[in-house]
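Notes follow once the structure below has been shown.
Coordinate-derived values only; no laboratory data. The structure presented is a predicted model; accordingly, all values stated were derived computationally and were not measured. Quick reminder, even Gly has a Cβ in these numbers, built from the backbone with ideal geometry, and neighbours come from all protein chains shown.
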Amino acid sequence: MKKLRTIKGTHDILPNEIHKWKELESIVSQTCEQFGYQEIRNPIFEETGLFSRSVGEETDIVTKEMYSWEDVDGTSLTLRPELTASVVRSYIQHNLGTISPIQRFYYSGPLFRRERPQKGRQRQFHQFGVEAFGSNNPEQDVEIIAIAWKILSLCGLANDTTLNLNSIGSKECRNNYRKALKNYIYPYIKDFSKTSQHRFETNPLRILDTKSEKEQEILNDAPKISDYHNETDSTHFESLKEFLKDIDLPFSINHKLVRGLDYYTGTVFEFNSVNLGAQDALLGGGRYNRLVETLGGKPTPGIGFAAGMERFLIAMEQSNFNIKKSNPDIYFICADKKAISRSIEISSRLRSLNFKVVSDTLRRSMKSQLREANKLKVKYALIIGEDEIRNSTIILKNLTKGTQKTIPQSELKNFFEDLTI
Ligand code: AMP
C-alpha cells in the first residue's frame, strides 16, 4: 500500500518543536496586547473574490498560487493565501469602525500558497500580523513598525535584521512614476526576462522586485519613486523617519521596495534577516488606505504587517536563541499493581496543586519507568510499592541530585506546596 505522507510543501509540527511555536506565539500576543491590539480569528477559507479584488488580479498569488475550488452551490472558494483581506472583510462585515474610530487587531494562523517549496518557503505556512484601521498619521506607521521591532528584539533577532523602508506614495504619484519607469526601462526591455516583460505591461512597479542581477543593475539608474512624491507623501514619510529616529530604530531607505501585493499605498517596509539566505524577508507590511473602500466599506486608512513564523523560528535557531522545553515536574512510578489506585489518587491531587505529573500506564518495570523519567528530564520521581502502601509512605527521589527519602504520604502535600520546582 502507498505510504501516506504530508503533501509537498506542508509539514507536521511535532511535539518536540511545539515549545518554540508556543514561545513565539506568546511573545507575539503579549507584545501586541501591550500596544492595545486585540486578537482576531478569521475562517481559513473565504470567497475567491475577496482575494482577487484585494491582493490584485495580476499578482503571483492570484494568478498561480491560490488553492481554489468550486463549492457544490457553484461558489468559488479559496484557502486564504494571506490575512489582511480577511481582517478587512471582517472589519466591514461587523461594522467594527462604528465601535471606535481606531481599531487595532493582531492574528496568527496558517496560510496556503502553491509556491515552489524550498527552505523558508512552504505551501502551508504560518503568519502572525497586525492591522490598524482609522489613522492616516505617521505615528500610526511608527506604532506598527515598533511592534514588529519589539517582537524581533524579544526573539533575539534585532541585531541580525535590517528594516528596509520606502514610500510608494499616493495614487497620482504611482501613476506618474509608472510612466517614468516604463520610459526608462523601454530601451532595455529585450534584456529583461519574460516575467519582467509581462510585468512591464501589467504591473511595472513589480519589476523593481526582480531577483535577476542583470535586471537589478539596469534598474540601479532608474528614476526613484521618491522623486514623484507629492507634498503630502513627502511630509508623511519625513515624519515617519523622524519618529523612527526618536525611538532609535535603525532603517535603510530602499527605493526599489514595492511589495508584491496591489493594495499598498504610501509607507511600505520589510525586515530582512542576514541569516536566511534567498528567503530573507522575515516580515513585511505597509499602508493600504484604499483597501477598505475597494472591498465595499467606507473609505478608511489602514496599515499592518505580516511575518512568517517558520522563518522566524529558523532565524531564532540560527542566532542560538534558547527556548526552554517545559518538562513534567513529577514522574509517578508505580512499583506494584496494588499501588495503581493509590498512585492515580495522589497524581490527581498533585495535578490540582498545578504540578505536571506523568505516570506509567504500561505497567513496566521500575527500572524502565526510571529510565523514562530521566529521558523526560523530570526533576522528581515518586515511587510507591507494596511496602509503601502498607506503611502509608512514599519514596521521593530527586533525579537531579540522585538523592531519595521515604516520607509519610500525609506529608507529601506540604512538601510539594513549599516547593518551587
Ligand atoms: P507576504 O504576505 O507575501 O507579504 O509575506 C509576509 C511574510 O510571510 C514574509 O516576509 C515571509 O516571512 C512569510 N512568507 C510568505 N510566503 C511564505 C511561504 N510560502 N512560506 C513561508 N513563509 C512565507
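Values for this structure:
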read-out: Local net charge near C173, Cβ-Cβ under 10 Å (Lys/Arg +1, Asp/Glu -1); value: 0
read-out: Qualifying trypsin sites (Lys or Arg not before Pro) in segment 377-421, DSSP loop, other Cβ atoms within 10 Å at most 16; value: K377, K401
read-out: Members of K325/K401; K356/K377; K337/K367; K119/K194; K324/K413 lying beyond 18 Å, as alpha-carbon distances in this model show; value: K325/K401; K119/K194; K324/K413
read-out: Relative contact order %, the chain, counting alpha carbon pairs below 8 Å whose residues are six or more apart; value: 15 percent
read-out: Contour minus Cα-Cα distance for N374 and I340 (0.36 nm per residue); value: 10.1 nm
read-out: Net charge, N220 excluded, C-beta distance under 14 Å - Lys, Arg +1, Asp, Glu -1; value: -2
read-out: Relative contact order %, segment 361-421, counting alpha carbon pairs below 8 Å whose residues are six or more apart; value: 23 percent
read-out: Relative contact order, percent, segment 219-352 [alpha-carbon distance under 8 Å, six or more residues apart]; value: 13 percent
read-out: Sites N175 and N136 - FRET efficiency at Förster radius 22 Å, r taken between beta-carbons, to 0.05; value: 0.65
read-out: Neighbour net charge for Y37 - beta-carbon separation under 13 angstrom, K R +1, D E -1; value: -2
read-out: Burial ordering of W21, W149, W69, fewest other beta-carbon atoms within 10 Å first; value: W69, W21, W149
read-out: Amide N of segment 321-360 lying under 20 Å from the label point, which is placed 7 angstrom from the Cα of M366 along Cα→Cβ; value: 330-347, 358-360
read-out: Between segment 336-404 and segment 242-290, the alpha-carbon center distance in angstrom; value: 54 Å
read-out: ³J(HN,Hα), Karplus 6.51/-1.76/1.60, whole Hz, each residue of segment 401-406, x for Gly, Pro; value: 8, x, 9, 8, 8, 9
read-out: Calculated from backbone phi, Karplus (6.51, -1.76, 1.60) coupling profile of segment 407-417 in Hz, x at Gly/Pro; value: 10, x, 4, 5, 8, 4, 4, 4, 4, 6, 5
